[in-house]
Amino acid sequence: MLKTEDTIANWYLYYMGPTIDLLIVFADSTESQISSQIQNYRENKQNIVIEHDGIPEADYMVTEFAGLTSDAWDLKSVFSEYYPNLHRRSAFLTIVGIFEHEFDKLCTKCFEEFDLDKSLEDTSGKGLERAIKYMSKEVKVKMHKSTQTWQTVLKIVKLRNAIIHQDGKTIDHQGNEIAAIIEHCKALESLSIDENDQLVLHEGYLRFVLDTYRTYIELVNRSLIAKKT
């Protein structure tokens, strides 16, 4: 991170803004790795013959790549769909986790700089919504919860929870569709749902998440600056 004094006044300009820029590089690097892996599969898969000693008529040809063979795996699906989705899921969880952590740190910074009576730990709830609740109730800054941007952030968080707790399924443990996630998927070409009701993240979704968080953080930063002046 940039070496600068960590204060509320420079939270966005000298800290969160550059942090988002770094995460954009991370997201783009993830997409580059995915593209390279797909290209590697296309260029280096091989056809090999599986031989049966003494029974030449039972020999058969399969495609092999990275130790996997087409008689046991749908290689095109594995390397063009499954692995890319796995990489994007991992990157997505990292990005959302970082922002949740940064909002917790912001709450701590506000507690210190504004000399407040209650800390984040005194606030009920968990995750990002707890931090936003603390900022609104204790720090008393506008958190823009009526905006479409905040509603989108909530859908991103629900999607993250579905990946962590439900293996990315868009239905809950009672078999009911999770409306917010379904709506989120319908609104974006970079999200889809497969035949097993599982989320599929496509190229562009990581950037969408970062753009959404940047927009929301800019709103929060304006509220913080207004309180400081």
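Annotations
- Among all positions in segment 46-60, there is no residue which is within 26 Å of residue 35 (Cβ to Cβ) and surrounded by 14 or more Cβ atoms within 10 Å (Cβ to Cβ).
- Restricting attention to segment 18-49, the residues being among the small types (Gly, Ala, Ser) and touching a helix residue (DSSP H, G or I) at 6+ places or on another chain (Cβ under 8 Å) number 1.
- Subset of segment 11-31 [surrounded by 11 or more Cβ atoms within 10 Å (Cβ to Cβ) and aliphatic (A, V, I, L, M)]: 13, 16, 20, 22, 23, 24, 27
- Checked against (1) among the aliphatic types (A, V, I, L, M); (2) within 24 Å of residue 199 (Cα to Cα); (3) over 26 Å from the mean Cα position of the chain (by Cα), residue 91 passes all but condition (3).
- Just one of (1) out of contact with any strand residue (DSSP E or B) (no Cβ under 8 Å at 6 or more places or on another chain); (2) under 23 Å from residue 217 (Cβ atoms); (3) at pLDDT 95 or above; (4) not hydrophobic (A, V, I, L, M, F, W, C) fails for residue 83. It is (2).
- Condition check for residue 172: at pLDDT below 95 and of a type in the set (Asp, Glu): yes
- Candidate set from segment 68-95 (those that are among the β-branched types (Val, Ile, Thr) and part of a helix (DSSP H, G or I)); member that is farthest from residue 47 (Cα to Cα): 95
- Every residue from segment 155-171 that is part of a helix (DSSP H, G or I) and touching a Lys or Arg at 6+ places or on another chain (Cβ under 9 Å): 162, 163
- Near pairs, Cβ below 8 angstrom, 6+ apart or cross-chain, from segment 25-49 (farther than 19 Å from residue 82 by Cα) to any residue that is of a type in the set (Gly, Ala, Ser) and part of a helix (DSSP H, G or I): 26/91
- Among residues of segment 63-101, those that are of a type outside the set (A, V, I, L, M) and farther than 23 Å from residue 215 by Cα, counted: 19
- Selection status of residue 53, more than 28 Å from residue 196 (Cα to Cα) and free of Cβ contacts under 8 Å to residues at least 40 places away in the same chain: yes
- Residue that is farthest from residue 20 (Cα to Cα), among those in segment 154-209 that are surrounded by fewer than 17 Cβ atoms within 10 Å (Cβ to Cβ) and touching a residue at least 40 places away in the same chain (Cβ under 8 Å): 164
- Residues within segment 210-226 that are surrounded by 16 or more Cβ atoms within 10 Å (Cβ to Cβ) and without any contact (Cβ under 8 Å) to a residue 60 or more places away in the chain, tallied: 0
- Residue satisfying all of: in segment 108-148; under 23 Å from the mean Cα position of the chain (by Cα), surrounded by fewer than 17 Cβ atoms within 10 Å (Cβ to Cβ) and in a helix (DSSP H, G or I); modelled with the highest pLDDT among these: 148
- The listed residue being surrounded by 17 or more Cβ atoms within 10 Å (Cβ to Cβ), aliphatic (A, V, I, L, M) and in a helix (DSSP H, G or I), out of 38, 98, 34, 8: 34
The values are calculated or read from the model by the stated rules, or taken from the named source; none is laboratory data. None of the values given here were measured: they were computed from a predicted structure. Here Cβ is always computed from backbone atoms with ideal geometry, including for glycine, and neighbour counts include all displayed protein chains.
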